[in-house]
């Protein structure tokens, strides 16, 4: 078993990575827990809820399962309220523990429920997608969406443990594997050029879920993210570099409607765009922008962005919460493995949109047709 | 000007108490603030919003006023969303600062909005009722209600400053003065028997808003609460004693529908009930229980509880979040000025209900008829 320890001012917790962790969830449950509240969705529940609940039953605690509708479009207050309704109806107290069993949407919404139920109860993350294993389960960001923007309502709130069972990826659709790999290569791009090169060399192994390669990629991603988060829990400085590609990605997701693309797909495409902008505005060699484009393509993510219209692109990027005082700031790469946060001239952004927005349907990968 | 400093693990902030603080709000605004978002209600706005906004205008920052419907019955997600909608429509970023101008409902809801808007922005409390000045503005408890219970969804989140203008109490209805004084005497009952005796001697001065007495009462209440909160930000231990009277009070409020009684009125009555229970279950001399009843009456709060039916009383008290594993715990007084958290036998609770529940309309104070 690999263990990555995340230290933050708000708390410290372990990320445990191994095949079969699902069957050992009882190890993560604190001794004074009352009800164990498994928050999941029907897709994940059909595959893993019984195994998870059987493992949790070893604690002798009552278990309440809450199945939420599946999909980013349900990551809203109404769905969040389903958790509160069910927990209050069962008289769950402050020592109830939420177990978030699912991908990023389940983690975000169940984590936010834990953050605000009776002003905060404990929760355990059991991420079942590659994306959530390497991204949303590390760092304590929880949220729901608002009609005006993604993740607008939320909290920084740390789990007490993250349990990553690498076996569960075998049931993941290929498209979600690609989306998860987008976040993996992001860590290389912004923090670790050697890891980026390792990903280039192992792109096909990763897509094929080769166990050895996966374990390296997940553990290294968690370590790199844990390093950043431990430096900056509340996203006031360094942590912002984790948003590499995200200003473009959020515009894609908001512009197309949340859920049309997977978040990781949007991040993959957004990184291609941010790399192009880096070449124009931050000194990244054009050859490195091409390497990023090449690797995004190799892991199976889109490299052309949707044609939302330039004005709408700018509106959507300005609505993103990384805006300060009306100026759009981006995370850009001066070189591979190094990231800075900087405003960019609108003219350069326009050039990037001209170059990266799909003009024909044929420019999109087949998965998104 | 009196200043009480509140130190908590989650942050440190000043409470400034003086006549005319409303005109000096600009002093509390941080240099990097973007939009200043004044959250208030129509009643308070008509009296004080222009003065507050004129004071804030000295910072040169844009001001967005958001008026919420007035009353505890609107302390819910729908009203909270009005804040998010207005702020997102104005592209408020993470450096926007919320100014909560109003009583406890405004403070709770605006504070919770600050806690979760873009995962947390700064806010300043400007409490305009006596209750909120001595209670909800100290300690960082924010929340909205759920149909099943009061304050079920919320966060522990500290303001960056609390500004208490004692002049504004002159426009407060007498009933709200009494409700605020209930919390003042609570601090004496649980922590400071000398302060309790001082309140007994000055009950009529306080009801008449005599400025010198008020200043002493507000500052001492804030100091006592700040002491408790600084020991225990997240309500895992000592802080629970602040809930003296609240298990009964929450049942009253939930049983009658939130808003029928003022929160402080319910707390006043709840303290009479908790004192009776203390005499039966914690060794409080019956004469001290009578002193508490006498002072609650002297400050103008109800001393008889509504007749909800015994079963419903128990249901409502069990639904309160101070329940753990199904057992009802109370804050009780072994003696005046000292509080403990302890479970109580149902039989004794039943005796207290028999003794304190109103059997005739004449047992209620005229204000609640």
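Quick note: the coordinates plus some simple rules give every number you see, no bench work behind them. Please read all numbers here as calculations on a predicted model, not as lab measurements. Backbone-built Cβ (ideal geometry, glycine too); neighbour counts: all protein chains shown.
Side notes on the structure shown:
- Whole-angstrom gap from region A:62-140 to region A:14-29, using each part's C-alpha centre: 18
- DSSP finds beta bridges in region A:2-168, and of those with both partners inside it, around 35 percent are antiparallel.
- Shown for residue A:342: label points 7 Å from Cα along the beta-carbon vector, and their distances to the equivalent points in the other copies, 6.7 nm in ascending order.
- Rg(Cα) / (2.2 N^0.38 Å) computed for region B:231-280, rounded to two decimals: 1.23
- Copies compared at residue A:259 - label distances in nm, ascending, label defined 7 Å from Cα in the Cβ direction: 3.3
- Among A:106, A:185, A:17: highest mean-square fluctuation, GNM of chain A, C-alpha pairs under 10 Å: A:17
- Volume per residue of the convex hull around the Cα atoms, evaluated for region B:104-257, comes out as 117 Å³.
- Sequence-separation-based contact order of region A:200-323, relative, with Cα cut under 8 Å and 6+ spacing, percent: 26
- Once the gyration tensor of the Cα atoms in chain B is diagonalised, the equivalent ellipsoid follows with semi-axes of 34, 22, 19 Å, ordered largest first.
- Helix axis angle, B:193-207 relative to chain B longest principal axis, alpha carbon, degrees: 70
- Cut-off 16 Å, label 7 Å out along Cα→Cβ of residue A:358, residues of region A:179-196 by amide N: A:179
- FRET efficiency for residue B:23 and residue B:193, using Cβ-Cβ distance with R0 set to 45 Å, rounded to 0.05: 0.75
- With label points set 7 Å from Cα along Cα→Cβ, the inter-copy distances at residue B:63 are 5.6 nm, sorted shortest first.
- Among beta bridges that DSSP assigns inside the protein assembly as shown, antiparallel share in %, nearest 5: 45
- The angle between the Cα long axis of helix B:286-298 and the longest principal axis of the Cα atoms of chain B comes to about 40 degrees, rounded to the nearest 10.
- The value of relative contact order for chain A, using C-alpha pairs under 8 Å at least six residues apart, is 15 percent.
- By definition, a body whose alpha carbon gyration tensor gives a ≥ b ≥ c is rounded when a/c is under 1.5, and region B:1-94 falls into this rounded group.
- Only Cα pairs under 8 Å and 6+ residues apart enter the sum, and on that basis the relative contact order of region B:137-210 stands at 20 percent.
- For region B:46-130, alpha-carbon Rg relative to the globular expectation (2.2 N^0.38 Å, N residues): 1.04
- Cα pair distances exceeding 24 angstrom across region B:2-168, given as percent: 25
- Cα long-axis angle, helix A:246-256 against chain A (0 to 90 degrees, to the nearest 10): 80
- When shorter helices are ignored and each DSSP H run of at least 4 residues is given -39500 (n - 2.57), the per-residue value for chain B at 222 nm works out to -13000 deg cm²/dmol.
- Computed from the C-alpha gyration tensor, the three semi-axes of the ellipsoid equivalent to the protein assembly as shown are 50, 30, 19 Å, from longest to shortest.
- Counting all C-alpha pairs of region A:174-368, share separated by more than 23 Å (%): 38
- In chain B, the DSSP beta bridges split such that about 45 percent are antiparallel, to the nearest 5.
- Distance from region A:158-237 to region B:234-287 (C-alpha centre basis), Å: 51
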